[in-house]
Amino acid sequence: TLSEHPLAQNRTHMMKQSPAQIYLAQERGVHETGGFRSATTFNFGTYFHPARQPFAGIYLFNDDVLDAGRTLNMEVPEASFVVLLPVMGAIGCTDPSGEENLVAAGQMQVFTASAGQRFSIRNPFPEGLVNFLQIWIRASVPVSGSYLTNYNPADHLNQFCALTPPELGKMQLPFSVSLGYFAGRGEATYIPKFADAKCFLFAIEGAFETEGRLLHARDGLGLWELESIETEALSHGAMMLLIEMGWA
């Protein structure tokens, strides 16, 4: 079974907590080949754990590192939204339509892929590693579209900034992606936009107390049956990704 961090002290011992599952960074699956390393929050490839099933339509959440000049080829097994968020450096991405974009830290790309379609991610630099988050979310109906956005989380200190558009390819997205950048002891409240939403949070950098749970860097947290999410950064320069799913 998955272990949980100890509950944060003082503030939360009387708090009513929403149901949750913590995905500890050190319990992720790890895949390594020449020039590539992937830490998988959910079951993927040869990694399987009964407690690491998809969460509310998010069926892949990989923390990837790619070496200089390397290319990663991916194929989605079902209709999906693909979210790419560089954490360090920049990646070149060729989506299923053949369109190529350079996506750097401070940018996020979302595109769609049908079952069996392929896309590629490359490290465009002659030397050095790049680190990026790769997320696949199930699409309930066929969709088509691509979106690239810029963000500067420091412009939205101690709050969650929405990165996804309300629509993609004339279809309302069944999810939203937000990013929060925090000073030490910075606090934020997130109000879900969807009824009966489920939210997945991922601590990119730093430590947080979120809904009475203590999260360290690269820990994940799934929450449901909630009206709001209260989070406090326990370190300066902490960053958290939040994905709100509007359907289970």
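The values are calculated or read from the model by the stated rules, or taken from the named source; none is laboratory data. A quick note: this is a predicted structure, and the numbers were derived from the prediction, not measured. With ideal geometry, Cβ positions are generated from the backbone for all residues, glycine too; neighbour counts draw on all protein chains shown. These accessible areas exclude ligands, DNA and RNA; they are computed on the full protein's heavy atoms, side chains included. Shrake-Rupley method; radii C 1.70, N 1.55, O 1.52, S 1.80 Å.
Is it the case that Thr12 is open to solvent by 50 Å² or more (accessible area, probe 1.4 Å) and either modelled with pLDDT under 95 or part of a loop (DSSP other than H, G, I, E, B) (or both)? Outline the logic, then answer.
Numbers: open to solvent by 50 Å² or more (accessible area, probe 1.4 Å): no; either modelled with pLDDT under 95 or part of a loop (DSSP other than H, G, I, E, B) (or both): yes.
The answer is no for Thr12.
List every residue pair whose Cβ atoms lie under 9 Å apart, where the two residues are 6 or more positions apart in sequence or sit on different chains, the first residue falls within segment 83-101 and is at positive phi, and the second residue, located anywhere, is part of a strand (DSSP E or B). From segment 83-101, the pairs are Gly89/Leu66; Gly89/Ala104; Gly89/Val130; Gly89/Asn131; Gly89/Phe132. Looking only at segment 141-165, filter to residues that are among the polar types (S, T, N, Q) and farther than 19 Å from Phe208 by Cβ; which one of those is modelled with the lowest pLDDT? Here the answer is Ser144.
Could you say whether any residue in segment 116-139 is open to solvent by less than 20 Å² (accessible area, probe 1.4 Å), without any contact (Cβ under 8 Å) to a residue 40 or more places away in the chain, in contact with a strand residue (DSSP E or B) (Cβ under 7 Å, 6 or more places away or on another chain) and of a type in the set (Gly, Ala, Ser)?
Filtering segment 116-139 down to residues open to solvent by less than 20 Å² (accessible area, probe 1.4 Å) leaves 119, 121, 123, 130-137, 139.
Filter once more, so that each one left must be without any contact (Cβ under 8 Å) to a residue 40 or more places away in the chain: none.
The answer is no; no qualifying residue exists.
The set of residues in segment 54-89 that are open to solvent by less than 20 Å² (accessible area, probe 1.4 Å) and not in a strand (DSSP E or B) comprises Ala56, Gly57, Val76.
Please count how many residues of segment 187-215 are aliphatic (A, V, I, L, M) and either open to solvent by 60 Å² or more (accessible area, probe 1.4 Å) or free of Cβ contacts under 8 Å to residues at least 24 places away in the same chain (or both). Reasoning before the result, please.
Within segment 187-215, the first condition is being aliphatic (A, V, I, L, M), and the residues that meet it are 188, 191, 195, 197, 201, 203-204, 207, 214-215.
Among the residues that remain, those that are also either open to solvent by 60 Å² or more (accessible area, probe 1.4 Å) or free of Cβ contacts under 8 Å to residues at least 24 places away in the same chain (or both) are: 191, 195.
Within segment 187-215, residues that are aliphatic (A, V, I, L, M) and either open to solvent by 60 Å² or more (accessible area, probe 1.4 Å) or free of Cβ contacts under 8 Å to residues at least 24 places away in the same chain (or both) number 2.
Which ones in segment 174-186 are under 11 Å from Glu244 (Cα atoms) and open to solvent by 10 Å² or more (accessible area, probe 1.4 Å)? Spell out the reasoning first.
Within segment 174-186, the subset under 11 Å from Glu244 (Cα atoms) is 174-178.
Matches in segment 174-186: Pro174, Ser176.
When Ser80, Ser114 are checked against the criterion of being under 26 Å from Asn43 (Cα atoms) and within 15 Å of the chain's Cα centre (by Cα), Ser80 stands alone in meeting it. For segment 238-248, residues that are open to solvent by 10 Å² or more (accessible area, probe 1.4 Å) and at pLDDT 95 or above total 1. Among the residues of segment 107-137, those identified as in contact with a Pro (Cβ under 8 Å, 6 or more places away or on another chain) and in a loop (DSSP other than H, G, I, E, B) are Ser114, Ala115, Gly116, Gln117. Within segment 144-167, residues that are within 17 Å of Leu102 (Cβ to Cβ) have Cβ atoms under 7 Å from residues that are buried (at least 17 other Cβ atoms within 10 Å of the Cβ) and of a type in the set (D, E, K, R) in these pairs: Ser146/Asp95, counting only partners at least 6 apart in sequence or on another chain.
Would you check which residues across segment 145-154 are surrounded by fewer than 16 Cβ atoms within 10 Å (Cβ to Cβ) and not in a strand (DSSP E or B) and list them?
Answer for segment 145-154, where residues must be surrounded by fewer than 16 Cβ atoms within 10 Å (Cβ to Cβ) and not in a strand (DSSP E or B): Asn152, Ala154.
Just to be sure, is Leu168 within 21 Å of Val87 (Cα to Cα) and either at pLDDT below 95 or of a type outside the set (Phe, Trp, Tyr) (or both)? Working first, answer last.
Working: within 21 Å of Val87 (Cα to Cα): no; either at pLDDT below 95 or of a type outside the set (Phe, Trp, Tyr) (or both): yes.
Here the answer is no, as Leu168 does not meet what is asked.
Here segment 32-53 is the region considered, the condition is being assigned to a loop (DSSP other than H, G, I, E, B), under 19 Å from the mean Cα position of the chain (by Cα) and among the hydrophobic types (A, V, I, L, M, F, W, C), and the residue that is nearest to Gly69 (Cα to Cα) is Phe42.
So is Phe200 under 15 Å from the mean Cα position of the chain (by Cα) and of a type in the set (Phe, Trp, Tyr) or not? Outline the logic, then answer.
Values: under 15 Å from the mean Cα position of the chain (by Cα): yes; of a type in the set (Phe, Trp, Tyr): yes.
Taking the combined requirement at face value, the residue satisfies it.
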